[in-house]
Amino acid sequence: MVNGEPMNAVAPRPLWAAVLLAAASGPIMDVGFPELSWWPFTFIGIAVFLISVRGRRPWGAFLVGFVGGMTFYLVQIAWAALFLGPIPLSSLATLESLFVGGGAVLISIAYRVVPSVWSSPLGRLGLLPAVVAGLWTLREAVASVWPYGGFSWARVAESQSQSPFASLFSWIGISGVSFVMVFLVALTLEALLVVSVHSLTRTVLVAGATALIVLVPAYPILLKGTTTVAAVQGAGPAGYFDPHNYGDLLAAQYKATVPLFGRAGIDMVIWPEGASDIDPVAADRAPDEDVAATEFDDVSTRIHAPLLAGTIQQRGSKVYNTSLLWEAGKGAIDHYDKKHPVPFGEYVPNRAIWRSFAPALIDLIGRDYTPGTTDTVFDVNGVIAGIDICFDITDDTVMRDSIRSGAQILVAQTNNADFGHTDESVQQLEIARIRAMELGRTLVNDSTVGTTAIVLPSGKTVSQLPVYKAGYLVEKVPLSTTITPATWLGEPIEQFVSLLGLAGLIVASISTRKRKERQR
C-alpha cells in the first residue's frame, strides 16, 4: 500500500525520474559481474529497474527499458570497442537494449493487469512475481538465439558464479537461475512496497523464500576416474590486428610447450583456439609449411600424449574455426568446427546489405567462418572430452550436446587477445565456471593470452595462469558421467517459465478487458 492505495493504482513517478532510475540500474547491475563480481549488486540493479518500469504505459516503459539496457550493455561489454571500435559496441548495445525495452513493455503491462485479476496476497506475492520473472527470462531467451544466433552474454544469472545461488546451476541451468533471481526481487518489492502485511511477516516471507533457495545443495556429482591435462598458454600475437609474421602463433605456442617435453603422466595436451596460424593438414600447403605438422607431431611424441589444438581450416570455399585432435604418426584423427561463430566478429551475415551502410568497417572482417556441423566430442585415448571454442561457451545447446554425447571433461579453447586487459576474459571464465557446475564436469579453459584456468565440477579453480604470460598448467583432474538435472531440464525449464510469464500476462490482459467491457 502507498497512502492506503495499491501501488499500481497510484500515479507513477514522472517519466524523467523513471528514466534516471533506469539509467542508474545498468551500472549497478554490472557491478555484480566480473571483474568486480560483487554479486548482490545485480539484485539491487534488477530492483531499481523494476521500480523504474512499474506504473508506466507501453511507450514510457519502452523508453525506460531501452535506457536501462543501454547503460548496462555499454558498461558490461565495453571490451567490444577494443576490437572494432565504438560503432560495433554501440550497435550491439542498441540491439540488446531494444530487446530490454520490449521486455520492459511486457513487464509494465503485467504490473498493471495481473494484480487487477489476482488481487489476493497469494496472487500479489506469488503469481505476479512469477509472471514478471517469466517475462524477464523470456526476453533473455529470445535475445540469446535471435537474430543471427543471438547474444547470450550477460544474462543476469551469469553474475552468480561465486554466490550462494551457484548451487542452483546444476539443477535448473542459467535461465532457471535468472528466473529465480528476478522472482526474489519482484517478491521482495511486492512484500515491502505493496501488500499490506505486518512488517515481521514481510521479513519472514522474503527471508524464508531466499533461504529455501540458497540452501539447496548442488546436485551430487559422482566422480569416476581421472585424467592428467596440460593446458598451454602461448601468449603470442593472437589479436586480429596484432602485427606478426606467418607462423608466429605456432612458434609461440610450441615454445611455451617445450618445458613439458619428457614429462611423464600427461594424458592430453591442450592448445587454445587459433593456436596455430598454419593449418597442419592443409592439402595445398607449400613445402615450408610442413613445420606445422612436424611440430604437432613433435609435441605429441615428446609428451607421449595426443594434442588438442585450434587452427583455421579452409575446405573448398568454406572457412572453419577448427579444433584438431592430433596423434603422432597418425595426424588429425578427429576435428571439431566451431558451431557458434560470432556474427559481425567472425562472419558478416548478409554481408552485401550491411556493407552498404559501413563498407570500411565491414571489410575489416576479411573472412566469414562457416558454422560447424561436427559432433562436439573427442575420444582422447578412451576419455571423452567435450569441445567448445570461445563463444560456444555461451550457447546452452552446444554445451549440453557435449554432455549428452558422453563428455567426461570439458575443454574450452579460446582466444581473448582482441580484448586486451579488459573484463572480457574474466567474464568468459566465469561463464565457463558456471558450465562446470551446471553440467557437473571439470572444465579446462585454455586461452591464447588468458585467462587460462582449470575448474572443478564444484566451481573451484585448481590452477590459473596470469594474463599475457606464456606458461602451462598440469593437473590431474576428476572425470564424471553424472547427468545433472540442468543437462536435461534446463531447456524445458526455460520454456516453462517463459510461457508461464507470457500466459499469465495474456490471461490477465484478456480478463481485464472483458471486465471493462461488462462495466460499460
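The values are calculated or read from the model by the stated rules, or taken from the named source; none is laboratory data. For clarity, every value in this text was computed on a predicted model and none was experimentally measured. Neighbour counts are summed over all protein chains in view; Cβ atoms, including those assigned to glycine, are modelled from backbone coordinates with ideal geometry.
Some notes on this structure:
- Scan of the stretch 384-423 for residues that are crowded, with 23+ Cβ neighbours inside 10 Å and in a strand (DSSP E or B), ordered by number: Ala385, Gly386, Ile387, Asp388, Ile389, Ile409, Leu410, Val411, Ala412, Gln413, Thr414
- Residues in the stretch 120-152 that are without any contact (Cβ under 8 Å) to a residue 24 or more places away in the chain and either crowded, with 23+ Cβ neighbours inside 10 Å or hydroxyl-bearing (Ser, Thr, Tyr) (or both): Ser120 only.
- Lone qualifier among Leu189, Leu184, Leu95 - being outside the structural domain of Arg435 (by TED's automatic domain parsing), surrounded by fewer than 24 Cβ atoms within 10 Å (Cβ to Cβ), assigned to a helix (DSSP H, G or I) and free of Cβ contacts under 8 Å to residues at least 60 places away in the same chain: Leu95
- Qualifying positions in the stretch 141-178 - farther than 18 Å from Asp395 by Cα and part of a helix (DSSP H, G or I): Pro164, Phe165, Ala166, Ser167, Leu168
- The condition of being modelled with pLDDT of 95 or more, in the same structural domain as Thr227 (by TED's automatic domain parsing) and either touching a helix residue (DSSP H, G or I) at 6+ places or on another chain (Cβ under 6 Å) or surrounded by fewer than 16 Cβ atoms within 10 Å (Cβ to Cβ) (or both) holds for only one of Asp375, Asp334, Asp368, that being Asp375.
- Inter-residue pairs, beta-carbon under 8 Å, first on the phi < 0 side of the Ramachandran plot and crowded, with 17+ Cβ neighbours inside 10 Å and in the stretch 310-326, second of a type in the set (Phe, Trp, Tyr) and modelled with pLDDT under 95, 6+ apart: Val319/Tyr369; Tyr320/Tyr369; Asn321/Tyr369
- Residue check, Lys469 basic (Lys, Arg) and out of contact with any strand residue (DSSP E or B) (no Cβ under 6 Å at 6 or more places or on another chain): yes
- Here Ser463 does not fit the description of being under 15 Å from Ser161 (Cα atoms), surrounded by fewer than 21 Cβ atoms within 10 Å (Cβ to Cβ) and of a type outside the set (Val, Ile, Thr).
- Filter result for Leu200 (assigned to a helix (DSSP H, G or I) and at pLDDT below 90): yes
- Only one entry of Ala358, Ala332 meets the criterion of being under 24 Å from Val229 (Cα atoms), touching a residue at least 40 places away in the same chain (Cβ under 8 Å) and not polar (S, T, N, Q), and that entry is Ala332.
- Against the criterion of being buried (at least 22 other Cβ atoms within 10 Å of the Cβ) and either more than 30 Å from Pro115 (Cα to Cα) or over 17 Å from the mean Cα position of the chain (by Cα) (or both), Val426 does not qualify.
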